[in-house]
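See structure below.
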Amino acid sequence: MRIELGEVEAALSALPYVAETCVFTWVDDAGLARMDAVMVPLPGADWASWRVDLGATLPAAAIPASLTVVSELPTTAHGKADVAALCRMVAERAAETDGGDDDPDTEVWRTTLRSTADDFFEAGGTSLYALRLLAAVTSRCGVSVAVADFLALPTLTRLRELVAGAEAARSAVPQPISRGERLPLNRFQERLWFLQQLEPNSTAMSAPTGLRVTGASRDEVSRAVSGLLARHEVLRTSFPVEEGVPFCRIGDPPPLPWTTHAGLTEAQRAAMCREVIASTAAEAFELGAAAPLRLSGLSFAEDDHLLVMAVHQIIADGWSWGVLVDDLVHLLRNPGTTTDPHPALQSVDYAAWQRLDEATPDRMAEAELALRHWHQALAAIPESLNLPVDQPRRDALSTQAGWTTVDLPVDFGARLRQLCREYRITEMSVFVAGYVSWLARLAGQETVVVGTPLANRSPDWTQDMAGYFVTAVPLALTVDEDSTFADLLDQARTALLDGQRHSAVPIERIVAELGGGRGGDRLPLFQNLIVYQDLPSWRHAADGLGVEVLQLPSGHTHYDLKFEILPRGDDYEARLVYARGRISDDRAVLMARQLGSFMATAISNPTVYVDDISL
């Protein structure tokens with residue numbers, strides 16, 4: 001479904017209490033696209049039911065996120081509505097307080113969603129806004145609310161209850177540990193270290209990453225990077241081994257060499273960015289030798305640069321890049337300071353706290369509850385998924401990776417948002433349902449297990465840290481001959497919420513408890529992954545300064561297929577990463593085309609039987 005602003009405006013103008021109105025789209029300060037409306041009401045008219053009234057004539061996705069009332073519409077010199085002025089007006093109204101009468105929860109809700117509707121989805125909520133909302137709750141109220149707990153009943157009323165409960169149960173922030181010679185890894189880092197030791201030459205856990213920086217000089221970028229490395233110890237941390245046990249050793253920062261590449265077109269600059277980022281991460285990291293970070297800088301112009309930061313994920317997960325962008329922007333805007341004040345706690349402090357915390361009675365009980373859930377949820381899963389492939393598995397956990405774009409229709413974003421509002425689910429649930437349904441059709445199997453990474457930034461004092469905190473959770477869904485896509489949406493929503501609630505134990509412990517052995521040619525539980533990279537903080541653009549994260553797939557992969565989705569304003573970029581050799585390039589292109597078509601058909605007609613969707 002394509003949303004036409006004129007149709008929405010006509011429907012709003014037809015309401016009996018509307019004198020004038022204008023509907024427009026804009027991108028907010030976090031880079032999220034919104035559709036809002038401004039109206040001049042008839043004198044004395046009661047317009048409180050506007051959302052319900054519009055719902056009688058428009059689909060859910062076509063209802064504006066907010067309706068701002070004004071005495072008159074600003075116009076341009078040509079007599080047309082001044083959309084730029086309206087955008088500023090909506091943003092300013094949302095930022096205003098109403099005399100301090102709002103409680104903190106309502107204030108966060110209103111300023112984040114720019115709506116006072118009690119229902120999250122009616123207020124225009126999406127998964128991106130859920131993350132922003134709960135991050136704002138942490139910042140404003142000093143407590144952390146789990147995404148799963150909020151999305152189970154996403155209303156302002158329930159949010160107040162969750163915040164009150166979190167405040168009652170708030171734990172004290174730990175003290176930093178002494179920086180001795182042998183510092184601990186956290187449990188999630190230990191898993192990555194172990195996998196790297198199994199395959200020292202693999203780059204499956206490398207992150208080929210660069211930061212495109214515009215609006216700053218080379219010297220300013222160099223000074224900001226120095227401050228960034230001083231601020232985050234984990235970027236200077238290596239992982240040597242003593243008596244078979246890895247530990248953290250904090251060292252000196254790596255050098256930042258620069259080269260100049262003037263006279264290139266933007267297309268040539270973009271191509272060089274991809275080439276240099278990929279080549280810098282092409283060689284595997286030796287975790288014990290030095291910090292797994294390779295730095296280099298390319299200057300395209302006096303105020304246009306690429307900062308290459310190829311890393312092993314053990315020191316920087318997806319969330320970390322948002323933290324690093326925020327800190328780099330701060331340091332670039334404050335060039336007179338060599339370093340920003342260091343955070344009180346760092347990754348090694350979390351690792352020490354984690355070991356103490358997991359031994360407490362409450363955490364042990366939580367882990368036991370989680371393990372009981374996984375025993376039940378994964379009781380009858382197949383050992384692997386029998387996808388159509390070109391070559392048998394080779395005796396290695398990882399293999400060379402390729403990737404291809406998954407093309408989605410131009411109106412996919414609008415149709416997706418409509419579906420999410422109608423079924424009261426997040427975009428991630430829809431992508432999981434579509435991916436699993438498609439895999440089930442390809443493999444001819446009813447039960448499909450895929451993995452997905454969770455940011456796992458709890459307690460809330462971990463949210464400003466760089467490091468690796470990710471836990472992977474398995475999602476098991478059943479696709480039988482009577483399953484509609486709507487049935488899969490419900491399964492996906494439940495599986496994601498359960499996965500978030502029961503993520504207290506690392507995936508390695510789940511594997512050990514279930515008795516699933518790791519073969520030499522595959523990871524246990526799941527060999528296919530879905531990654532929804534909903535991190536708007538990867539991009540910053542304001543007041544002439546721009547910083548954007550550019551991240552490519554790594555050169556090797558542990559998975560047969562990995563479906564990566566990257567929200568981009570109103571639209572979505574998607575790609576399919578595949579095990580090259582086991583799956584040929586031609587087959588991968590066909591798979592990507594099938595997946596894009598399958599997703600588009602499914603979201604357009606969610607009551608369709610999965611078996612009836614054409615491949």
For this session: Output ³J(HN,Hα) for the stretch 239-251: one whole-Hz value per residue in order, computed from phi by the Karplus curve 6.51 cos²θ - 1.76 cosθ + 1.60 with θ = phi - 60°, and x for Gly and Pro.
Result: 10, x, 10, 9, 6, x, 10, x, 8, 8, 10, 8, x
Exercise. So, with a 1.4 angstrom probe, what is the percent of accessible area on the chain that is carbon and sulfur?
Worked result: 50
Exercise. What does the charge add up to near R294, with Lys and Arg as +1, Asp and Glu as -1, over the other residues with Cβ less than 14 Å from its Cβ?
Worked result: -1
Seminar exercise, completed: With +1 on the Cβ of every Lys and Arg and -1 on the Cβ of every Asp and Glu, the dipole magnitude of the chain about its Cα centre, in debye rounded to the nearest 20, is 1280
Exercise. Lys/Arg Cβ at +1, Asp/Glu Cβ at -1, dipole of the chain taken about the Cα centre: which of V430, A290, G6 is farthest positive-ward?
Worked result: A290
For this session: Compute the length gained on full extension between D390 and R269: take 0.36 nm times their separation in residues and subtract their Cα-Cα distance, giving the result in nm to one decimal.
Result: 40.0 nm
Exercise. What is the distance in Å between the Cα centres of the stretch 272-300 and the stretch 393-409?
Worked result: 21
For this session: Please work out whether the stretch 443-524 counts as rounded, prolate or oblate from its C-alpha gyration tensor, where a ≥ b ≥ c are the square roots of the eigenvalues and a/c under 1.5 means rounded, while otherwise a/b larger than b/c means prolate and anything else oblate?
Result: oblate
For this session: For the stretch 419-472 and the stretch 182-196, compute the distance between their C-alpha centroids and round to whole Å.
Result: 23
Seminar exercise, completed: Taking Cα pairs closer than 8 Å and at least 6 residues apart, the relative contact order of the stretch 448-595 in percent is 18
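Report, as a whole number in µm² per second, the diffusion coefficient that Stokes-Einstein gives for the stretch 272-384 at 20 °C and 1.002 mPa s using the Kirkwood radius over alpha carbon pairs. Display every interim value, and only then the final one.
Values: Rh = 18.7 Å.
My calculation gives 115 µm²/s for D.
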For this session: Only Cα pairs under 8 Å and at least 6 apart count here; give the relative contact order of the chain as a rounded whole percent.
Result: 17
For this session: May I ask you to give the solvent-accessible area per residue for the stretch 194-329, in square angstrom, as obtained with a 1.4 angstrom probe?
Result: 39
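Compute the signed sum of charges (Lys and Arg +1, Asp and Glu -1) over the other residues within less than 10 Å, Cβ to Cβ, of A466.
The answer is -3.
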For this session: Report, in deg cm²/dmol and to the nearest 500, the calculated mean residue ellipticity at 222 nm for the chain, where each DSSP H run with n ≥ 4 adds -39500 (n - 2.57) and the sum is divided by the residue count.
Result: -12000 deg cm²/dmol
Seminar exercise, completed: Length gained, T116-Q533, 0.36 nm per residue minus C-alpha separation, equals 147.3 nm
Exercise. Of L345, Y572, T484, which is farthest along the charge dipole of the chain in the positive direction, counting Lys and Arg as +1 and Asp and Glu as -1 at C-beta?
Worked result: L345
Seminar exercise, completed: Between H556 and residues 5 or more places away or on another chain, the pairs with built amide H atoms under 5 Å apart involve T203, A204, A401
Problem set entry | Neighbourhood charge, 11 Å Cβ-Cβ cut-off, centred on P16 and excluding it, Lys, Arg +1 and Asp, Glu -1 | -2
Problem set entry | Taking only Cα atoms of the chain, radius of gyration then Dmax in Å | 24.9, 80
For this session: Please give the FRET efficiency for R509 paired with S178, using the beta carbon to beta carbon distance and R0 = 30 Å, rounded to the nearest 0.05.
Result: 0.60
For this session: Give the accessible surface of the stretch 356-487 per residue, rounded to a whole number of Å², with probe radius 1.4 Å and ligands, DNA and RNA excluded.
Result: 42
Exercise. How would you classify the stretch 472-605 from its alpha-carbon gyration tensor, with a ≥ b ≥ c the square roots of the eigenvalues: rounded for a/c under 1.5, else prolate if a/b is greater than b/c, otherwise oblate?
Worked result: rounded
Problem set entry | Computed label-point distance, nm, for sites D407 and L369 using a 7 Å Cα→Cβ extension | 4.8
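The values are calculated or read from the model by the stated rules, or taken from the named source; none is laboratory data. Everything numeric here is computed off the predicted structure, so don't read it as measured data. Here Cβ is always computed from backbone atoms with ideal geometry, including for glycine, and neighbour counts include all displayed protein chains. When the accessible area is computed, the model is the full protein with side chains, heavy atoms only, and any ligands, DNA or RNA have been set aside. Shrake-Rupley method; radii C 1.70, N 1.55, O 1.52, S 1.80 Å.
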